[in-house]
Amino acid sequence: MKYYVLRITGGLLTIFVSSLLVFSLIRLIPGDPAAELMGLAFDPKLAHLLRIRLGLEGSFVQQYIAWITAVFHGDFGYSFINGAPVGQEIGDRLIRTVQLLVGGVIVGLLISIPAGIVSARNKGKWQDGGIMAFTTLMLSVPQFVLGIFLIYIFAVRMHVLPAGGWIDPHDNFVEWLKSMVLPWLCVGMAMSAFTSRVLRASILDAKNMDYTRTARSWGLSEKEIAKKHVYKNASAPTLTVVGLEIGYLLGGAFVIENVFAYPGIGQLTVKAISQRDYPMVQTSILIFATGFILVNLIVDLAYGFIDPRIRQR
Amino acid sequence: MAKKEDEKVNIGPWGNSLSRRNVLIGAGGVATLAGVGLLASCSSSTKTADAGAEAKVGGTLDGIMTQQIPSSLDPFTNAQGAALNAAGPCHDWLEWVDTKGDLYPSLAASATQDDAKTITYVLNSGVKFQNGEAVNAQAVADLFAWVMDKKNAAWLNSRFDGVKTEVVDELTLKVHLPKPDVAFRYAVTRLPIAAVSTMAAQALTPSGCGPYKFDRWVQGSYVSYTKDPGYRNAADITLDGIKMEHFADANAGTQAFLAGGKNWVYPSSLSQAKDLKARADKGEIKYLPAEPGVCYLLNNCKTGPTADPNVRKAIRLAFDRKAMVDGPFNGVSRPFFSMLKPESSYYVPELEYERNIDEAKALMAKSKTPKGFKEKIYTPNVDYFIGLSTVMKANLAEIGIDITVEIEETAAVINRMFVKKDFNMVVLGDALSPEVSELHEYYLRSTGGRNCGKYVNKAVDKLLDEGLREIDDAKRIAIYKQIQMITMLDDTAFIPLVGEVLPAAYKGSNFDEFAGGFIQYIIWPKAKLTA
């Protein structure tokens with residue numbers, strides 16, 4: 001129990017520090033929301049009035065306390081740019097990003113688990129070489145290049161899938177599904193590269209462990225050994241990597257969202273940063289941080305569940 | 001009686017001729033008149049696909065807008081072009097201005113410049129806003145008052161300083177200006193006419209009196225409109241709706257356009273310009289190298305080494321504009337020597353010069369920094385600006401100026417220019433205007449809103465005053481020639497580099513008149529799919 005309490009407390013503390021950091025950092029980077037709103041039509045007098053209206057005239061501490069208090073009450077404020085409630089906009093975007101990532105992770109696992117197993121079982125053979133070459137390629141190619149390449153092949157050349165854009169699944173579920181294939185593939189292929197390599201290495205490690213040799217000496221079949229000992233033990237480090245990958249994918253969703261014109265939270269955050277839309281930036285980064293911490297907390301807890309020794313440390 | 005909208009408006013005491021010269025009497029409009037040069041710059045390739053194709057009745061015009069994803073649909077408080085681009089279909093204006101500077105009646109059946117300080121607008125009768133309120137003189141006066149009220153932070157506020165309105169009757173509005181300003185009507189062409197009661201909601205649910213009604217906005221994805229049966233010329237509208245999808249990445253947006261199903265992409269990817277031109281030559285698509293703006297280098301004229309006019313002159317002579325066109329703009333732009341397009345009647349050919357390194361070196365030798373100096377060029381993180389700064393760095397190294405290209409977010413560059421006023425050299429772009437005085441007022445008047453280079457020349461201020469008062473075309477051309485010769489050559493207060501080209505590509509639609517940016521509003525009532 002102490003293990004779980006420590007992990008959860010650590011997670012909450014990290015979220016608090018993240019909120020303070022993001023609140024400070026967005027104000028430290030050069031730029032002025034009023035200047036951004038007015039662009040080249042900047043007028044110092046109007047800018048001053050705008051700053052008052054946007055609540056930017058108080059001290060840093062006053063502004064932070066006002067914001068964090070409101071957040072605790074479920075009020076994330078309103079966008080500086082369009083006045084929309086931040087919570088609602090981020091909620092909509094978050095659902096879409098989760099749809100993107102969950103689908104992408106499933107595709108990634110569907111690729112990486114068989115690839116890792118096949119590669120480990122055929123170490124040194126052509127299957128292993130082929131899979132390793134594929135993963136090296138996926139690790140080397142930036143996601144936006146992969147995205148453009150997929151669009152070119154499947155949309156521009158073959159005309160079988162849409163090139164991008166988002167369709168409301170409530171309007172047309174089939175079209176939505178079609179529009180999600182390329183983004184999911186892009187997320188999944190990129191994710192599968194590292195995961196399959198870790199799985200392969202973990203399986204090979206587990207195969208050489210004492211407990212595997214012992215099992216073999218007991219006369220268990222290779223199939224049983226793999227099922228009961230090798231895969232189970234190899235899953236722990238792989239699970240950690242998947243957790244971290246999901247966290248990084250959340251942070252890097254912007255790239256995929258940009259290439260496929262997908263209205264997710266990554267795109268929103270980058271746009272909000274460039275426009276100095278403080279309430280939007282603060283809340284979305286807080287969500288990113290919380291998401292990242294939560295995923296890793298779940299992984300830590302699952303890790304403790306898989307390996308009881310972790311809980312006892 | 002309401003005039004047809006394809007007639008140019010009679011502007012009153014400056015003649016009954018409807019030519020641009022007689023109409024173009026003022027300065028103004030505001031800077032993001034993006035795309036004003038497109039009509040004139042349409043390439044020959046635009047005559048290929050769809051030429052003469054018949055209009056199809058019904059259907060949705062589905063296009064892709066790249067790069068600028070709107071965060072607001074409110075063109076009243078948000079000066080960014082993205083807001084107006086995305087909200088354009090639901091709006092209408094008192095008058096329209098085309099790329100040549102001609103004014104056309106729209107909501108105003110007529111507009112008369114009674115004198116340099118008074119304008120009379122007579123509105124079309126029976127027009128209603130999309131919320132059902134009447135579009136009358138009082139509604140327009142209320143909108144002007146809303147813009148003038150500083151607490152609303154309308155970005156056109158400073159342009160309306162001291163303006164007074166007089167409601168003469170239901171449809172007649174007189175506008176009294178605080179000082180002679182023949183450019184004011186151009187500023188009004190930037191103001192969509194909307195009911196004041198709708199202003200609070202414009203950012204998320206725009207509403208005006210244009211041909212299309214706002215339907216849905218999925219932020220970061222698309223905005224859609226449906227035909228408004230209550231539009232004053234509803235019978236002329238053939239489309240059922242308009243949909244604009246937003247792609248932040250121009251390459252991806254262009255690929256999506258090429259994949260099919262989309263009628264246009266704007267701006268298309270500069271890196272794919274050659275491929276698009278080749279497709280246009282084959283008749284697969286149309287390609288419009290829109291030139292909505294000018295890229296420029298702004299120097300600090302008050303402090304630092306660039307305060308010396310010899311240094312500024314040396315800098316402009318050192319630039320290789322051909323390399324700027326061929327590199328960052330992939331050959332689709334052209335050199336600029338003025339704040340005006342060469343097609344403008346106010347353009348001064350004497351402003352053009354060849355690159356001259358020897359003369360530039362001689363000017364440096366005469367300057368206060370004969371051995372050269374180190375300086376930073378602040379550069380927005382936009383591909384073509386980075387490309388321009390890289391060319392400038394190489395060019396200036398030849399005359400002993402050691403440049404560091406300092407790349408910053410556009411927001412940070414704007415903050416540096418306008419708020420901190422902390423720079424000696426900055427590269428940026430601004431929208432070209434069909435009206436001569438607009439950019440000259442902003443950048444070259446000592447109190448100009450964009451005079452971040454702190455250029456002060458009382459003789460130029462006086463000439464600018466004269467330009468705003470002068471109603472005779474020939475005299476006005478002479479005034480602005482003097483201004484340009486002083487500011488672009490003698491003082492080198494502003495260094496134009498190349499045209500800021502944002503090419504459009506389209507198919508299956510009648511976008512020959514598409515001008516990009518702000519001025520594209522002209523196209524929405526005329527937009528059609530071709531059979």
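Residue ranking by accessible heavy-atom surface, 1.4 Å probe, largest first, among A:His48, A:His159, B:His176, B:His246 comes out as A:His159, A:His48, B:His176, B:His246. The largest accessible area among A:Ile113, A:Ile95, A:Ile203 belongs to the first residue in A:Ile95, A:Ile113, A:Ile203, and the rest follow in falling order (1.4 Å probe, all chains). Pairs exceeding a 30 Å alpha-carbon distance, out of B:Lys164/B:Lys462; B:Lys302/B:Lys371; A:Lys271/B:Lys302: A:Lys271/B:Lys302. When you work out D = kT/(6 pi eta Rh) for the protein assembly as shown at 10 °C and 1.306 mPa s, using the Kirkwood radius from C-alpha pairs as Rh and the Stokes-Einstein form, the result is 54 µm²/s. Between the amide H of B:Leu529 and those of B:Lys56, distances stay under 5 Å, these residues lying 5 or more places away or on another chain, with hydrogens modeled in the peptide plane.
Between B and A, buried accessible area summed over both sides at probe 1.4 Å, in Å² to the nearest 100? Its buried surface, counting both partners, is about 3700 Å².
Per-residue Karplus couplings for the range A:57-68, computed as 6.51 cos²θ - 1.76 cosθ + 1.60 with θ equal to phi - 60°, are listed in order as 8, x, 6, 4, 4, 4, 5, 5, 4, 4, 5, 5 Hz, Gly and Pro entered as x. Partners of B:Lys56 within straight-line reach, counting aspartates and glutamates whose Cα lies under 12 Å from its Cα and excluding those fewer than 8 residues away in the same chain: B:Asp240.
The range A:1-21 and the range A:196-218 have Cα centres spaced 34 Å apart.
Taken over the range A:175-241, lysine pairs spaced eight or more positions apart, or on distinct chains, with alpha carbons under 23 Å apart number 5. Counting only protein heavy atoms and using a 1.4 Å probe, the accessible area of B:Glu284 comes to about 90 Å². Legend: residue pairs B:Lys393/B:Lys420; B:Lys277/B:Lys421; B:Lys179/B:Lys227, Cα-Cα distance threshold 31 Å; pairs beyond threshold, B:Lys277/B:Lys421; B:Lys179/B:Lys227. Remark: accessible surface ordering of A:Thr283, B:Thr165 (largest first) is B:Thr165, A:Thr283, probe radius 1.4 Å.
When Rg and Dmax are taken over the Cα atoms of the range A:227-280, they come to 17.0, 54 Å. Computed over the range B:392-447, the percent of Cα pairs more than 16 Å apart is 60. Ignoring aspartates and glutamates fewer than eight residues from B:Lys243 along the same chain, the ones with Cα atoms less than 12 angstrom from its Cα are B:Asp62, B:Asp215. Cross-link partners for B:Lys274 among the lysines, with Cα-Cα distance under 18 Å and sequence neighbours closer than 8 places in the same chain left out: B:Lys47, B:Lys282, B:Lys286, B:Lys322, B:Lys507. For the peptides A:243-249, B:446-452, residues were scored by their other Cβ atoms within 10 Å and the scores averaged per peptide; the highest-first order is A:243-249, B:446-452. Quarter the surface of the alpha carbon convex hull of the range B:293-500 and you get the mean projected area, 10.5 square nanometres. Here the Kirkwood formula puts the hydrodynamic radius of the range A:1-122 at 18.7 Å, using every distinct Cα pair. Computed on the range A:2-72, the Cα convex hull volume stands at 101 Å³ per residue.
Expressed as a whole percent, the proportion of Cα-Cα pairs in the range B:428-485 lying more than 15 Å apart is 46%. Rg/Rh, computed from the Cα trace of the range A:71-143 with Rh as the Kirkwood radius, has the value 1.32.
When a/c reaches 1.5 or more, the comparison of a/b and b/c decides; with that in mind, is chain B rounded, prolate or oblate per its Cα gyration tensor? The shape class here is oblate. Judged by the ratio a/c of the largest to the smallest principal axis of the C-alpha gyration tensor, chain A counts as oblate, that ratio being 1.5 or greater while a/b is no larger than b/c.
The values are calculated or read from the model by the stated rules, or taken from the named source; none is laboratory data. Model, not experiment: these values are computed from the prediction. Please note: Cβ atoms are built from the backbone with ideal geometry, for glycine as well, and neighbour counts cover all protein chains shown. Side chains included, ligands, DNA and RNA excluded: accessible areas come from the protein's heavy atoms. Shrake-Rupley method; radii C 1.70, N 1.55, O 1.52, S 1.80 Å.
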